[in-house]
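Enquirer: Okay, handing you the structure first.
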Amino acid sequence: MADGGAAARFRAEFPALADTVHLASCSQGALSGRLTYALQEIAFSLRDKGAPWEDWVAEVERARAGFARFIGAEPGEIAVLSCASEAAYQVASSMDWARRAAIVTTDLEFPSIAQVWRAQGGRGASVRVARDNGTTVTAEGYAEQIDEDVNLVSVPMALYGNGARPPVREVVELAHERGARVFVDAYQGTGVLPVDVHELGCDYLASGSLKYLLGLPGIAFLYVRAGTEHQRDPELTGWFGRRDPFSFDPRLVDFPAEARRFETGTHPIPSAYAANAGLELLAPLDMATVFEHVSTLAAELSEQLAGDGEMIASPTDAAGRGPQVAIVDQDPDALARWLARRRIVTAPRGRLLRLSLHYYSDRSDVAAVVDAIRRYRKES
Ligand SMILES: Cc1ncc(COP(=O)(O)O)c(C=O)c1O
(Lines give C-alpha, C1' and ligand atoms only; values in the text may rest on other atoms or scores of the structure.)
Protein backbone atom coordinates (compact mmCIF):
# COMPACT_ATOMS: atom_id res chain seq x y z
CA MET A 1 0.00 0.00 0.00
CA ALA A 2 2.99 2.28 -0.59
CA ASP A 3 1.34 4.78 -2.93
CA GLY A 4 2.76 7.98 -1.47
CA GLY A 5 -0.43 8.89 0.36
CA ALA A 6 -2.60 8.88 -2.78
CA ALA A 7 -5.15 6.55 -1.15
CA ALA A 8 -5.34 8.81 1.92
CA ARG A 9 -5.89 11.83 -0.34
CA PHE A 10 -8.63 9.91 -2.14
CA ARG A 11 -10.24 9.06 1.19
CA ALA A 12 -10.33 12.77 2.04
CA GLU A 13 -12.76 13.25 -0.89
CA PHE A 14 -15.36 11.37 1.20
CA PRO A 15 -16.19 13.51 4.26
CA ALA A 16 -18.75 10.88 5.31
CA LEU A 17 -15.87 8.53 6.16
CA ALA A 18 -14.89 10.73 9.11
CA ASP A 19 -17.51 9.00 11.25
CA THR A 20 -18.50 5.96 9.18
CA VAL A 21 -16.78 2.75 8.16
CA HIS A 22 -18.08 2.13 4.66
CA LEU A 23 -17.72 -1.51 3.59
CA ALA A 24 -20.73 -1.61 1.29
CA SER A 25 -19.31 -0.44 -2.05
CA CYS A 26 -20.51 -3.70 -3.64
CA SER A 27 -23.99 -2.29 -2.98
CA GLN A 28 -23.61 1.51 -2.93
CA GLY A 29 -20.37 3.50 -2.93
CA ALA A 30 -19.62 6.00 -0.16
CA LEU A 31 -20.90 9.56 -0.48
CA SER A 32 -18.23 11.90 -1.82
CA GLY A 33 -18.18 15.67 -1.54
CA ARG A 34 -18.33 15.76 -5.33
CA LEU A 35 -21.51 13.67 -5.43
CA THR A 36 -23.17 15.96 -2.88
CA TYR A 37 -22.20 18.91 -5.08
CA ALA A 38 -23.52 17.19 -8.24
CA LEU A 39 -26.92 16.76 -6.61
CA GLN A 40 -26.98 20.45 -5.76
CA GLU A 41 -25.90 21.27 -9.30
CA ILE A 42 -28.95 19.64 -10.86
CA ALA A 43 -31.22 21.55 -8.49
CA PHE A 44 -29.36 24.73 -9.39
CA SER A 45 -29.77 24.06 -13.14
CA LEU A 46 -33.54 23.81 -12.63
CA ARG A 47 -33.66 26.97 -10.53
CA ASP A 48 -31.43 28.87 -12.93
CA LYS A 49 -32.74 27.79 -16.34
CA GLY A 50 -36.09 26.11 -15.71
CA ALA A 51 -35.84 23.47 -18.44
CA PRO A 52 -32.11 23.05 -19.09
CA TRP A 53 -32.28 20.31 -21.72
CA GLU A 54 -29.03 21.35 -23.38
CA ASP A 55 -27.13 21.05 -20.11
CA TRP A 56 -28.77 17.72 -19.44
CA VAL A 57 -27.94 16.23 -22.82
CA ALA A 58 -24.35 17.46 -22.38
CA GLU A 59 -24.18 15.75 -18.99
CA VAL A 60 -25.35 12.44 -20.49
CA GLU A 61 -22.75 12.73 -23.25
CA ARG A 62 -20.08 13.47 -20.64
CA ALA A 63 -21.11 10.29 -18.78
CA ARG A 64 -21.03 8.27 -22.02
CA ALA A 65 -17.55 9.56 -22.88
CA GLY A 66 -16.30 9.22 -19.29
CA PHE A 67 -17.40 5.61 -19.01
CA ALA A 68 -15.99 4.84 -22.47
CA ARG A 69 -12.58 6.23 -21.48
CA PHE A 70 -12.73 4.28 -18.25
CA ILE A 71 -13.00 0.92 -20.03
CA GLY A 72 -10.84 1.76 -23.06
CA ALA A 73 -13.77 2.11 -25.47
CA GLU A 74 -15.06 4.83 -27.82
CA PRO A 75 -18.17 6.88 -26.89
CA GLY A 76 -19.96 5.43 -29.94
CA GLU A 77 -19.60 1.98 -28.37
CA ILE A 78 -21.61 2.97 -25.26
CA ALA A 79 -25.40 2.97 -24.77
CA VAL A 80 -26.68 4.91 -21.75
CA LEU A 81 -29.48 2.94 -20.09
CA SER A 82 -31.18 2.77 -16.71
CA CYS A 83 -30.06 -0.57 -15.28
CA ALA A 84 -27.92 -3.60 -16.10
CA SER A 85 -31.00 -5.79 -16.60
CA GLU A 86 -32.15 -3.44 -19.33
CA ALA A 87 -28.69 -3.72 -20.92
CA ALA A 88 -28.91 -7.52 -20.84
CA TYR A 89 -32.43 -7.43 -22.24
CA GLN A 90 -31.44 -5.18 -25.12
CA VAL A 91 -28.59 -7.52 -26.01
CA ALA A 92 -30.82 -10.61 -25.75
CA SER A 93 -33.58 -9.06 -27.84
CA SER A 94 -31.09 -8.36 -30.62
CA MET A 95 -30.05 -12.04 -30.87
CA ASP A 96 -31.58 -14.44 -33.38
CA TRP A 97 -32.10 -17.67 -31.43
CA ALA A 98 -33.16 -19.47 -34.63
CA ARG A 99 -29.53 -19.27 -35.81
CA ARG A 100 -28.03 -20.56 -32.58
CA ALA A 101 -30.35 -21.14 -29.66
CA ALA A 102 -28.22 -21.44 -26.53
CA ILE A 103 -27.09 -18.98 -23.86
CA VAL A 104 -24.50 -20.05 -21.31
CA THR A 105 -24.75 -18.48 -17.86
CA THR A 106 -23.73 -19.39 -14.30
CA ASP A 107 -25.84 -19.84 -11.19
CA LEU A 108 -23.41 -17.43 -9.50
CA GLU A 109 -24.45 -14.66 -11.90
CA PHE A 110 -26.49 -11.77 -10.47
CA PRO A 111 -30.02 -13.23 -10.56
CA SER A 112 -31.56 -10.38 -12.52
CA ILE A 113 -29.19 -10.96 -15.45
CA ALA A 114 -29.77 -14.73 -15.41
CA GLN A 115 -33.52 -14.07 -15.28
CA VAL A 116 -33.31 -11.94 -18.43
CA TRP A 117 -31.53 -14.81 -20.22
CA ARG A 118 -34.10 -17.35 -18.99
CA ALA A 119 -37.01 -15.17 -20.06
CA GLN A 120 -35.68 -15.46 -23.62
CA GLY A 121 -37.06 -19.01 -23.53
CA GLY A 122 -40.28 -17.53 -24.90
CA ARG A 123 -38.37 -16.41 -28.00
CA GLY A 124 -36.76 -19.82 -28.53
CA ALA A 125 -33.56 -19.53 -26.50
CA SER A 126 -32.34 -22.35 -24.27
CA VAL A 127 -30.21 -21.74 -21.20
CA ARG A 128 -27.18 -23.80 -20.19
CA VAL A 129 -25.44 -23.42 -16.84
CA ALA A 130 -21.66 -23.51 -16.49
CA ARG A 131 -20.62 -25.79 -13.64
CA ASP A 132 -19.40 -23.95 -10.53
CA ASN A 133 -17.78 -25.10 -7.31
CA GLY A 134 -19.96 -23.01 -5.02
CA THR A 135 -17.29 -20.32 -4.71
CA THR A 136 -16.52 -19.52 -8.32
CA VAL A 137 -16.89 -20.70 -11.89
CA THR A 138 -13.93 -21.80 -13.98
CA ALA A 139 -13.03 -21.69 -17.67
CA GLU A 140 -13.54 -25.49 -17.73
CA GLY A 141 -17.05 -25.03 -16.37
CA TYR A 142 -17.81 -22.76 -19.33
CA ALA A 143 -15.89 -24.89 -21.85
CA GLU A 144 -18.13 -27.89 -21.12
CA GLN A 145 -21.18 -25.90 -22.23
CA ILE A 146 -19.96 -23.94 -25.23
CA ASP A 147 -20.46 -25.56 -28.63
CA GLU A 148 -21.68 -24.50 -32.06
CA ASP A 149 -25.27 -24.08 -30.83
CA VAL A 150 -24.27 -21.35 -28.37
CA ASN A 151 -25.02 -17.79 -29.44
CA LEU A 152 -24.25 -15.90 -26.23
CA VAL A 153 -22.03 -16.55 -23.22
CA SER A 154 -22.58 -14.48 -20.09
CA VAL A 155 -19.76 -14.17 -17.58
CA PRO A 156 -19.55 -11.86 -14.57
CA MET A 157 -16.27 -10.00 -14.00
CA ALA A 158 -16.63 -10.38 -10.22
CA LEU A 159 -19.35 -12.31 -8.43
CA TYR A 160 -21.91 -10.27 -6.50
CA GLY A 161 -22.03 -12.86 -3.71
CA ASN A 162 -18.39 -13.16 -2.73
CA GLY A 163 -16.36 -11.00 -5.14
CA ALA A 164 -14.64 -13.99 -6.80
CA ARG A 165 -13.20 -13.21 -10.23
CA PRO A 166 -14.03 -15.75 -12.95
CA PRO A 167 -11.45 -16.01 -15.77
CA VAL A 168 -13.24 -13.65 -18.15
CA ARG A 169 -10.50 -13.43 -20.78
CA GLU A 170 -10.21 -17.20 -21.08
CA VAL A 171 -13.97 -17.53 -21.39
CA VAL A 172 -14.00 -14.87 -24.14
CA GLU A 173 -11.31 -16.76 -26.06
CA LEU A 174 -13.14 -20.06 -25.72
CA ALA A 175 -16.45 -18.57 -26.78
CA HIS A 176 -14.99 -16.79 -29.78
CA GLU A 177 -13.17 -19.93 -30.93
CA ARG A 178 -16.55 -21.64 -30.98
CA GLY A 179 -18.37 -18.77 -32.71
CA ALA A 180 -20.31 -17.43 -29.71
CA ARG A 181 -20.30 -13.87 -28.45
CA VAL A 182 -19.74 -12.77 -24.87
CA PHE A 183 -21.61 -10.50 -22.46
CA VAL A 184 -19.60 -9.43 -19.40
CA ASP A 185 -21.44 -8.14 -16.34
CA ALA A 186 -18.75 -5.86 -14.92
CA TYR A 187 -20.96 -4.24 -12.28
CA GLN A 188 -18.88 -5.63 -9.39
CA GLY A 189 -15.61 -4.77 -11.12
CA THR A 190 -15.61 -1.33 -12.72
CA GLY A 191 -14.23 1.29 -10.37
CA VAL A 192 -11.97 -1.08 -8.52
CA LEU A 193 -10.51 -3.53 -11.08
CA PRO A 194 -8.61 -2.56 -14.22
CA VAL A 195 -10.99 -2.99 -17.17
CA ASP A 196 -9.92 -2.72 -20.79
CA VAL A 197 -12.48 -4.02 -23.24
CA HIS A 198 -9.91 -4.46 -25.99
CA GLU A 199 -7.75 -6.60 -23.76
CA LEU A 200 -10.81 -8.61 -22.70
CA GLY A 201 -12.06 -8.88 -26.27
CA CYS A 202 -15.69 -9.15 -25.13
CA ASP A 203 -18.59 -8.19 -27.40
CA TYR A 204 -20.77 -6.58 -24.73
CA LEU A 205 -20.04 -5.27 -21.25
CA ALA A 206 -22.51 -3.78 -18.80
CA SER A 207 -22.02 -1.81 -15.62
CA GLY A 208 -23.76 0.82 -13.58
CA SER A 209 -22.81 3.75 -11.49
CA LEU A 210 -23.95 3.18 -7.93
CA LYS A 211 -21.38 0.74 -6.60
CA TYR A 212 -17.61 1.05 -7.05
CA LEU A 213 -18.16 3.76 -9.70
CA LEU A 214 -19.27 6.03 -6.85
CA GLY A 215 -22.45 7.46 -8.34
CA LEU A 216 -26.12 6.68 -7.72
CA PRO A 217 -28.71 4.14 -8.90
CA GLY A 218 -30.66 4.83 -12.09
CA ILE A 219 -27.98 4.75 -14.78
CA ALA A 220 -26.16 1.90 -16.48
CA PHE A 221 -23.83 1.63 -19.45
CA LEU A 222 -23.75 -0.99 -22.17
CA TYR A 223 -20.56 -1.36 -24.20
CA VAL A 224 -21.15 -2.86 -27.64
CA ARG A 225 -17.97 -3.62 -29.57
CA ALA A 226 -17.78 -1.56 -32.77
CA GLY A 227 -18.44 -3.82 -35.74
CA THR A 228 -20.64 -6.27 -33.82
CA GLU A 229 -23.20 -7.73 -36.18
CA HIS A 230 -26.71 -7.15 -34.87
CA GLN A 231 -28.76 -10.26 -35.60
CA ARG A 232 -32.02 -8.33 -35.00
CA ASP A 233 -33.02 -4.82 -33.99
CA PRO A 234 -33.60 -4.43 -30.25
CA GLU A 235 -37.18 -4.77 -29.03
CA LEU A 236 -37.21 -1.83 -26.63
CA THR A 237 -36.80 1.44 -28.46
CA GLY A 238 -37.71 5.12 -28.44
CA TRP A 239 -36.59 8.51 -29.67
CA PHE A 240 -33.06 8.27 -28.25
CA GLY A 241 -32.60 5.02 -30.20
CA ARG A 242 -33.02 6.90 -33.52
CA ARG A 243 -30.29 8.11 -35.89
CA ASP A 244 -31.52 11.63 -35.15
CA PRO A 245 -33.48 11.73 -31.89
CA PHE A 246 -34.68 15.23 -32.75
CA SER A 247 -36.22 14.35 -36.14
CA PHE A 248 -39.60 13.82 -34.42
CA ASP A 249 -40.94 11.60 -37.19
CA PRO A 250 -43.43 9.11 -35.69
CA ARG A 251 -43.24 6.91 -38.84
CA LEU A 252 -39.49 6.53 -38.79
CA VAL A 253 -37.94 3.67 -36.80
CA ASP A 254 -34.32 3.73 -37.94
CA PHE A 255 -31.44 2.36 -35.88
CA PRO A 256 -28.02 4.00 -35.78
CA ALA A 257 -24.97 1.79 -36.25
CA GLU A 258 -23.54 2.86 -32.88
CA ALA A 259 -24.47 1.46 -29.47
CA ARG A 260 -27.09 4.22 -29.09
CA ARG A 261 -29.36 1.88 -31.10
CA PHE A 262 -30.08 0.17 -27.77
CA GLU A 263 -31.34 3.34 -26.06
CA THR A 264 -35.00 4.15 -25.50
CA GLY A 265 -36.55 7.31 -24.00
CA THR A 266 -35.33 10.19 -21.87
CA HIS A 267 -32.04 9.43 -20.16
CA PRO A 268 -31.73 9.22 -16.36
CA ILE A 269 -30.50 12.79 -16.04
CA PRO A 270 -29.98 13.13 -12.25
CA SER A 271 -28.12 9.82 -12.25
CA ALA A 272 -25.91 11.06 -15.10
CA TYR A 273 -24.82 14.00 -12.91
CA ALA A 274 -24.03 11.52 -10.15
CA ALA A 275 -22.21 9.18 -12.54
CA ASN A 276 -20.00 12.04 -13.68
CA ALA A 277 -19.12 12.90 -10.08
CA GLY A 278 -17.90 9.32 -9.55
CA LEU A 279 -16.14 9.01 -12.91
CA GLU A 280 -14.30 12.31 -12.32
CA LEU A 281 -13.03 11.08 -8.97
CA LEU A 282 -11.82 7.82 -10.49
CA ALA A 283 -10.45 9.09 -13.82
CA PRO A 284 -7.04 10.23 -12.49
CA LEU A 285 -6.42 6.92 -10.69
CA ASP A 286 -4.43 3.99 -12.01
CA MET A 287 -6.80 1.04 -11.58
CA ALA A 288 -3.93 -1.43 -11.13
CA THR A 289 -2.79 0.61 -8.11
CA VAL A 290 -6.37 0.78 -6.83
CA PHE A 291 -6.81 -2.97 -7.09
CA GLU A 292 -3.46 -3.62 -5.42
CA HIS A 293 -4.55 -1.44 -2.48
CA VAL A 294 -7.91 -3.19 -2.30
CA SER A 295 -6.38 -6.68 -2.60
CA THR A 296 -3.93 -6.01 0.22
CA LEU A 297 -6.77 -4.91 2.50
CA ALA A 298 -8.99 -7.80 1.41
CA ALA A 299 -6.21 -10.28 2.19
CA GLU A 300 -5.70 -8.77 5.66
CA LEU A 301 -9.41 -8.71 6.37
CA SER A 302 -9.87 -12.28 5.20
CA GLU A 303 -6.93 -13.57 7.28
CA GLN A 304 -8.03 -11.77 10.42
CA LEU A 305 -11.63 -12.93 10.15
CA ALA A 306 -10.54 -16.50 9.41
CA GLY A 307 -8.20 -16.29 12.42
CA ASP A 308 -11.23 -15.43 14.55
CA GLY A 309 -13.00 -18.53 13.28
CA GLU A 310 -15.30 -16.80 10.77
CA MET A 311 -16.32 -18.89 7.77
CA ILE A 312 -14.98 -17.12 4.67
CA ALA A 313 -17.11 -17.54 1.53
CA SER A 314 -14.75 -15.63 -0.78
CA PRO A 315 -11.72 -17.19 -2.46
CA THR A 316 -8.72 -17.07 -0.14
CA ASP A 317 -6.13 -17.07 -2.93
CA ALA A 318 -5.05 -13.72 -4.34
CA ALA A 319 -5.63 -14.88 -7.93
CA GLY A 320 -9.33 -15.52 -7.39
CA ARG A 321 -10.15 -12.94 -4.74
CA GLY A 322 -11.97 -9.76 -5.74
CA PRO A 323 -12.71 -6.50 -3.93
CA GLN A 324 -14.80 -8.01 -1.14
CA VAL A 325 -14.67 -10.55 1.65
CA ALA A 326 -17.92 -12.36 2.40
CA ILE A 327 -18.53 -14.31 5.59
CA VAL A 328 -21.22 -16.89 6.24
CA ASP A 329 -23.65 -16.02 9.02
CA GLN A 330 -26.95 -17.45 10.28
CA ASP A 331 -28.62 -14.05 10.16
CA PRO A 332 -26.53 -11.57 8.15
CA ASP A 333 -29.29 -8.94 8.27
CA ALA A 334 -29.21 -8.90 12.06
CA LEU A 335 -25.42 -8.69 12.05
CA ALA A 336 -25.52 -5.85 9.49
CA ARG A 337 -28.08 -3.96 11.61
CA TRP A 338 -25.89 -4.39 14.72
CA LEU A 339 -22.86 -3.08 12.82
CA ALA A 340 -24.86 -0.21 11.30
CA ARG A 341 -25.79 0.98 14.80
CA ARG A 342 -22.02 1.35 15.30
CA ARG A 343 -21.70 3.21 11.97
CA ILE A 344 -20.16 0.28 10.13
CA VAL A 345 -22.01 -0.07 6.84
CA THR A 346 -21.95 -3.54 5.27
CA ALA A 347 -23.96 -5.40 2.64
CA PRO A 348 -25.85 -8.56 3.66
CA ARG A 349 -27.08 -10.88 0.87
CA GLY A 350 -28.71 -14.24 1.48
CA ARG A 351 -26.61 -16.14 4.00
CA LEU A 352 -23.62 -13.87 3.48
CA LEU A 353 -22.38 -10.65 5.00
CA ARG A 354 -20.35 -8.85 2.33
CA LEU A 355 -17.54 -6.51 3.32
CA SER A 356 -16.21 -4.63 0.33
CA LEU A 357 -13.15 -2.48 -0.02
CA HIS A 358 -12.42 0.53 -2.18
CA TYR A 359 -9.47 2.84 -2.68
CA TYR A 360 -10.90 4.96 0.18
CA SER A 361 -10.77 2.01 2.58
CA ASP A 362 -7.84 1.72 4.96
CA ARG A 363 -6.50 -0.44 7.77
CA SER A 364 -8.59 1.42 10.37
CA ASP A 365 -11.72 0.13 8.57
CA VAL A 366 -10.40 -3.43 8.62
CA ALA A 367 -9.52 -3.19 12.32
CA ALA A 368 -12.91 -1.64 13.16
CA VAL A 369 -15.01 -4.31 11.50
CA VAL A 370 -12.89 -7.23 12.74
CA ASP A 371 -13.13 -5.90 16.30
CA ALA A 372 -16.87 -5.23 16.01
CA ILE A 373 -17.65 -8.72 14.67
CA ARG A 374 -15.58 -10.21 17.49
CA ARG A 375 -17.67 -8.27 20.03
CA TYR A 376 -20.91 -9.30 18.28
CA ARG A 377 -19.97 -12.96 18.54
CA LYS A 378 -19.22 -12.58 22.27
CA GLU A 379 -22.53 -10.82 22.91
CA SER A 380 -24.73 -13.18 20.92
C1 LIG B 1 -23.18 -8.23 -10.70
C2 LIG B 1 -24.40 -7.36 -10.69
N3 LIG B 1 -25.07 -7.16 -11.82
C4 LIG B 1 -26.16 -6.38 -11.87
C5 LIG B 1 -26.63 -5.75 -10.72
C6 LIG B 1 -27.82 -4.86 -10.77
O7 LIG B 1 -28.59 -5.00 -11.91
P8 LIG B 1 -29.67 -3.89 -12.22
O9 LIG B 1 -28.92 -2.64 -12.60
O10 LIG B 1 -30.45 -4.42 -13.34
O11 LIG B 1 -30.49 -3.67 -10.99
C12 LIG B 1 -25.96 -5.97 -9.50
C13 LIG B 1 -26.38 -5.39 -8.21
O14 LIG B 1 -27.27 -4.71 -7.94
C15 LIG B 1 -24.81 -6.78 -9.50
O16 LIG B 1 -24.14 -6.99 -8.38
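Enquirer: Using a 1.4 Å probe, how large is the accessible area of THR36, given in Å² and rounded to the nearest 10?
Expert: In the full protein context, THR36 sits at about 60 Å².
Enquirer: May I pose another question? Work out the FRET efficiency for ARG337 and GLU303 from their Cβ-Cβ distance, taking R0 = 30 Å, and round it to the nearest 0.05. Each step should come with its number before you reach the end.
Expert: Numbers: r = 26 Å, r/R0 = 0.87.
After rounding to 0.05, the efficiency reads 0.70.
Enquirer: If you put +1 on each Lys and Arg Cβ and -1 on each Asp and Glu Cβ, how big is the dipole of the stretch 38-282 around its Cα centre, in Debye rounded to 20?
Expert: The dipole magnitude comes to about 360 debye.
Enquirer: Scan the chain and note any complete DSSP helix (H) whose C-alpha atoms cover at least 27 Å along its axis and whose Kyte-Doolittle average is -1.0 or more.
Expert: Details: long enough: 287-307 (29 Å, 0.53).
Helices meeting the span and hydropathy rule in the chain are 287-307.
Enquirer: Sticking with this one: Highest mean first, what order results for 80-87, 320-327, 159-166 on Cβ atoms within 10 Å?
Expert: Descending mean neighbour count gives 320-327, 159-166, 80-87.
Enquirer: Could you tell me whether the chain comes out rounded, prolate or oblate from its Cα gyration tensor? Rule is a ≥ b ≥ c as square roots of the eigenvalues, rounded for a/c under 1.5, then prolate if a/b exceeds b/c, otherwise oblate.
Expert: It is oblate, given that a/c is not under 1.5 and a/b is not larger than b/c.
Enquirer: I would also like to ask the following. Heavy atoms only, 1.4 Å probe, whole protein assembly: order PHE10, PHE246 by accessible area, highest first.
Expert: Descending order: PHE246, PHE10.
Enquirer: Using only helices, what value at 222 nm comes out for the chain when you add -39,500 (n - 2.57) per DSSP H run of length 4 or more and divide by the total residues, to the nearest 500 deg cm²/dmol? Intermediate results must be reported in sequence, preceding the final value.
Expert: Details: 12 runs with 141 residues, N = 380.
Dividing the helical sum by the residues of the chain leaves -11500 deg cm²/dmol.
Enquirer: For the stretch 296-335, list residues with backbone N below 17 Å from a point placed 7 Å from the Cα of GLU379 toward its Cβ?
Expert: Only 330-335 pass the distance filter.
Enquirer: Taking a ≥ b ≥ c as the square roots of the eigenvalues of the Cα gyration tensor of the stretch 1-82, is the shape rounded (a/c under 1.5), prolate (a/b larger than b/c) or oblate?
Expert: Taking the square roots of the gyration eigenvalues as a ≥ b ≥ c, the stretch 1-82 is oblate.
Enquirer: Ok, one more. Which sequence of GLU173, GLU59, GLU148, GLU13 reflects their accessible areas, 1.4 Å probe, from the largest down?
Expert: GLU148, GLU173, GLU13, GLU59
Enquirer: Considering only the other residues whose Cβ falls under 14 Å of the Cβ of LEU152, what net charge follows from Lys and Arg at +1 and Asp and Glu at -1?
Expert: Residues close to LEU152 contribute a combined charge of +1.
Enquirer: In whole percent, and with a 1.4 Å probe on the protein chains, what portion of the accessible area of the stretch 38-282 is carbon and sulfur?
Expert: Carbon with sulfur: 52 percent of the solvent-accessible area.
Enquirer: How much net charge surrounds GLY238 when only other residues with a Cβ under 14 Å from its Cβ are counted (Lys, Arg +1; Asp, Glu -1)?
Expert: -3
Enquirer: Subtract the Cα-Cα distance of ASP286 and TYR37 from 0.36 nm times their separation in residues, and report this length gain in nm to one decimal.
Expert: 87.2 nm
Enquirer: For every other residue with a beta carbon closer than 11 angstrom to the beta carbon of ALA143, add +1 if it is Lys or Arg and -1 if Asp or Glu, then tell me the sum.
Expert: -4
Enquirer: Tell me the relative contact order for the chain as a rounded percent, counting alpha carbon contacts under 8 Å between residues six or more apart.
Expert: About 22 percent, as a whole number.
The values are calculated or read from the model by the stated rules, or taken from the named source; none is laboratory data. Bear in mind the structure is a predicted one, so any value in this text is a computation, not a measurement. Cβ atoms come from the backbone with ideal geometry, glycine included; neighbour counts cover every protein chain shown. Please note that ligands, DNA and RNA were not included when accessible areas were found on the heavy atoms of the full protein model with its side chains. Shrake-Rupley method; radii C 1.70, N 1.55, O 1.52, S 1.80 Å.
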